[in-house]
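Worksheet: one structure, shown below.
The values are calculated or read from the model by the stated rules, or taken from the named source; none is laboratory data. Only a predicted model underlies this, so the values are computations on that prediction, with no experimental measurement involved. Positions of Cβ are generated from backbone atoms using ideal geometry, with glycine treated the same way; all protein chains shown enter the neighbour counts. Each accessible area value is taken on the protein alone, full model and side chains, heavy atoms only, with ligands, DNA and RNA left out. Shrake-Rupley method; radii C 1.70, N 1.55, O 1.52, S 1.80 Å.
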Amino acid sequence: MIQYELKDNVVAHFPAIFKGLGSKPNVIHMALDVELHTAVLVVRVAGGRPIHCGKCSRSSIVALAKELIQRRHRVVLAEEACGFGYRFHRTLRELGVEAYVVATEMLNRKRKTNRRDAAKLLDQLYDYDVNGHKKALRIIRVPTIEEQKKRRLCRMRSQLIKVRNIMEAQGRGLLFDFDFHQVPQGWWGPRKWPKLRAKLLAHDPWLIGMLQHHQRLLIAQQKRIAELEREIARDSNYDAGKVAKGLGQTTFDSLQREAIDWKRFGNAKQIGSYIGCCPSEFSTGSNQKLGSIDRMGNRRMRTLLVEAVWRLKKWNPTWRGFEKFPHVFGCHASVRGATRKKAVVACARLLAIDLWRLQTGRATLKELGLKPAQA
């Protein structure tokens, strides 16, 4: 009788990797294109040719990294940021892997596959680690679990507000469709709904039955938003004497949690790049052509800053950002359209830089021409 021996170990799963390893410690570079449960893995051993390992489970990649670390090899790994959390990354870091999370970008122009993306990311990682090209990767700061939870509160609040606005617009559209045009803002609220309901009884009672479900959901949605705001406020370091008037506590807390740590930005260019408000550029020779902002940054911070600019226009009109665009924000300004939008985005970038200067002690509100929320 023939007896078969099943080789269920990491060496048998990745023979091409361990075949090229010698007795001396080597440097192994690994790149992942992460999916929900798996990842496409490409490995380079001691600067050799790329080894395409195909689609692997996360547990097998962790086992591979653990085996290589136990054999005293240096493992350097890069993975693109995704919406699947940081637990996998933290597990690799705990094993001793030099793991990096990098910002997503279009790595291959004409043809895009996970295999091609992982191979391109491996080349960039090798260039970053071996050749010292520090701009080859756009490395993301991975937050701690506590920082991630705090940031998630603000993000969940903004998502719920977006859903609430959509549901409110659906009810308004229903009323407009049946020739009822006297729809107040926030028609679903506990004070406005009884008055609206009385008017609809005279207009068409059928509409009340159509809106009641939406109204109950909107009330529950608003209740949850208020709960999140109270929870955010409980852990806030908001000081009205040190925050510009018009910024608001909720906006201030959201910006603080999105930035995580203002001191990690070494200069004004870094904070401007982080929010994605740097201009795109198409230059050659002596000709320089600057385009629209590249949007390669934190879009949530960018949205919060644009909203804050309009509030500052009312409560802090002497801010230095408005003085740079008198044709847009002056008393007799009549500029509209694209020119106005560009000025607002430019002011959002200046506001981010000023907040960075304030939070790191490089400037005061008075030096920036800002009035505090409470004197």
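For this structure, a couple of remarks:
- Checking the stated criteria, V183 turns out to be assigned to a loop (DSSP other than H, G, I, E, B) and among the hydrophobic types (A, V, I, L, M, F, W, C).
- Enumeration of residues in the range 318-347 that are open to solvent by 70 Å² or more (accessible area, probe 1.4 Å) and not in a helix (DSSP H, G or I): T318, K324, C331, H332, S334, R336
- Yes/no for V62 being touching a helix residue (DSSP H, G or I) at 6+ places or on another chain (Cβ under 9 Å), of a type outside the set (G, A, S) and either closer than 20 Å to A136 by Cα or modelled with pLDDT under 90 (or both): no
- R93 vs. criteria open to solvent by 20 Å² or more (accessible area, probe 1.4 Å), among the charged types (D, E, K, R) and assigned to a helix (DSSP H, G or I): yes
- Filter result for L107 (more than 15 Å from the chain's Cα centre (by Cα), at pLDDT 90 or above and of a type outside the set (K, R)): no
- Yes/no for D253 being surrounded by 11 or more Cβ atoms within 10 Å (Cβ to Cβ), at pLDDT below 95 and either more than 29 Å from the chain's Cα centre (by Cα) or not in a helix (DSSP H, G or I) (or both): no
- Candidates E80, E35 - the one that is farther than 11 Å from F14 by Cβ, open to solvent by 10 Å² or more (accessible area, probe 1.4 Å), of a type in the set (D, E) and in contact with a strand residue (DSSP E or B) (Cβ under 7 Å, 6 or more places away or on another chain): E80
- Selection within the range 23-32: residues that are touching a residue at least 24 places away in the same chain (Cβ under 8 Å) and within 16 Å of R72 (Cβ to Cβ). The member of this set that is most open to solvent (accessible area, probe 1.4 Å) is P25.
- Inter-residue pairs, beta-carbon under 8 Å, first open to solvent by 100 Å² or more (accessible area, probe 1.4 Å) and in the range 172-189, second part of a helix (DSSP H, G or I), 6+ apart: H181/L175; Q182/K199
- Some residue of the range 236-246 being open to solvent by less than 70 Å² (accessible area, probe 1.4 Å), within 16 Å of the chain's Cα centre (by Cα) and modelled with pLDDT under 90: no
- Filtering the range 257-295 to residues that are open to solvent by 30 Å² or more (accessible area, probe 1.4 Å) and touching a Cys at 6+ places or on another chain (Cβ under 9 Å) leaves K269, I293, D294, R295.
- Of all the numbered requirements in (1) within 19 Å of D239 (Cα to Cα); (2) assigned to a helix (DSSP H, G or I); (3) free of Cβ contacts under 8 Å to residues at least 40 places away in the same chain; (4) not β-branched (V, I, T), W356 misses one, and that requirement is (3).
- Within the range 203-225, the set of residues being open to solvent by 30 Å² or more (accessible area, probe 1.4 Å) and under 29 Å from the mean Cα position of the chain (by Cα) comprises L217, I219, A220, Q221, Q222, K223, R224.
- Close pairs from the range 242-267: first under 19 Å from L368 (Cβ atoms), partner part of a helix (DSSP H, G or I) and open to solvent by less than 20 Å² (accessible area, probe 1.4 Å), Cβ under 6 Å, at least 6 apart: V243/F252; G246/L312; L247/A308; T251/A308; W262/W356; F265/I271; F265/W356
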